[in-house]
Amino acid sequence: MKREAGFSLVEILVVLIILGLLVSVVAPTVLNQADSARVQKVYADLANIESALKLYRLDNYVYPSSEQGLGALLSASTLSPEPRNFKRGGYLDRMPRDPWGRVYLYLSPGEHGEFDLYSLGADGISGGEGQNADLGNWDVR
């Protein structure tokens, strides 16, 4: 009788165990990288919005008020103080959202500087730790 070629049950089990061990080592590293990438996106977005706010101030001599909000970077606001020299086309093409799908928050005057620009983190609630921590322009890394 001829013996058929193929893998034995033991060989298949050894391969599955090795794959399981690799996944258990690699998965936490990959998941932590995703969390880190979200935080880095927030800081990149904050830097872009902050640059647009500074350009707005150069043209109009003041930052938008909290009531005007970040929308004042997209189109001229009719609320006081009205912009004197609003740049045609606005200061941003569109307003980015944080990695969790929420709008960035803006406060002028801010509690940490001339203005505060921030995200409430993954949970969307003020305060928290880790991924739930508030991320703002006052905490630039």
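Please work out which one of (1) in a helix (DSSP H, G or I); (2) under 21 Å from the mean Cα position of the chain (by Cα); (3) of a type in the set (A, V, I, L, M) is the condition Met95 fails and give its number.
(1)
Here are the criteria: (1) among the small types (Gly, Ala, Ser); (2) in contact with a helix residue (DSSP H, G or I) (Cβ under 9 Å, 6 or more places away or on another chain); (3) in a loop (DSSP other than H, G, I, E, B). Tell me which single one Ala72 does not satisfy.
Just one mismatch for Ala72, condition (3).
Please go through segment 106-124 and give me each residue that is among the charged types (D, E, K, R), within 25 Å of Pro64 (Cβ to Cβ) and either surrounded by 12 or more Cβ atoms within 10 Å (Cβ to Cβ) or in contact (Cβ under 8 Å) with a residue 40 or more places away in the chain (or both), ordered by number.
Within segment 106-124, the first condition is being among the charged types (D, E, K, R), and the residues that meet it are 111, 114, 116, 123.
Remaining after also requiring within 25 Å of Pro64 (Cβ to Cβ): 111, 114, 116.
Listed by number, the residues that qualify are Glu114, Asp116.
Of these, Val26, Val103, which one is β-branched (Val, Ile, Thr) and within 19 Å of the chain's Cα centre (by Cα)?
Of the residues listed, the single one that is β-branched (Val, Ile, Thr) and within 19 Å of the chain's Cα centre (by Cα) is Val103.
Against the condition of a type in the set (A, V, I, L, M) and in contact with a Ser or Thr (Cβ under 8 Å, 6 or more places away or on another chain), how does Leu13 come out, does it pass?
No, not satisfied.
Please list, ordered by first then second residue, the pairs with beta carbon atoms under 7 Å, 6 or more apart or interchain, first in segment 51-80 and more than 19 Å from Asp93 (Cα to Cα) and without any contact (Cβ under 8 Å) to a residue 60 or more places away in the chain, second open to solvent by less than 70 Å² (accessible area, probe 1.4 Å) and outside any loop (DSSP other than H, G, I, E, B).
Qualifying pairs under 7 Å: Ser66/Tyr106; Ser66/Leu107.
Considering only segment 125-137, I want to know if a residue exists there that is closer than 14 Å to Tyr63 by Cα, open to solvent by less than 40 Å² (accessible area, probe 1.4 Å) and outside any loop (DSSP other than H, G, I, E, B).
Taking segment 125-137 and keeping what is closer than 14 Å to Tyr63 by Cα, we get none.
No, every residue in segment 125-137 fails to be closer than 14 Å to Tyr63 by Cα, open to solvent by less than 40 Å² (accessible area, probe 1.4 Å) and outside any loop (DSSP other than H, G, I, E, B).
Out of the residues in segment 60-105 that are acidic (Asp, Glu) and open to solvent by 20 Å² or more (accessible area, probe 1.4 Å), which is farthest from Ser36 (Cα to Cα)?
Glu82
Kindly list the number of the only condition in (1) in contact (Cβ under 8 Å) with a residue 12 or more places away in the chain; (2) under 23 Å from Arg102 (Cβ atoms) that fails for Gln33.
Just one mismatch for Gln33, condition (1).
Can you name the residue in segment 49-92 that is among the β-branched types (Val, Ile, Thr) and closer than 20 Å to Leu107 by Cβ and is also farthest from the chain's Cα centre (by Cα) among such residues?
Per the criteria, the residue is Val62.
Please work out which residue is surrounded by the fewest Cβ atoms within 10 Å (Cβ to Cβ), limiting yourself to segment 1-55 and to residues that are of a type in the set (Gly, Ala, Ser) and outside any helix (DSSP H, G or I).
Checked segment 1-55; the qualifying residue surrounded by the fewest Cβ atoms within 10 Å (Cβ to Cβ) is Ala5.
The values are calculated or read from the model by the stated rules, or taken from the named source; none is laboratory data. Quick caveat: nothing in here was measured; it's all calculated off a predicted structure. Don't worry about glycine lacking a Cβ; one is built from the backbone with ideal geometry, like all the others, and counts go over all protein chains shown. Each accessible area value is taken on the protein alone, full model and side chains, heavy atoms only, with ligands, DNA and RNA left out. Shrake-Rupley method; radii C 1.70, N 1.55, O 1.52, S 1.80 Å.
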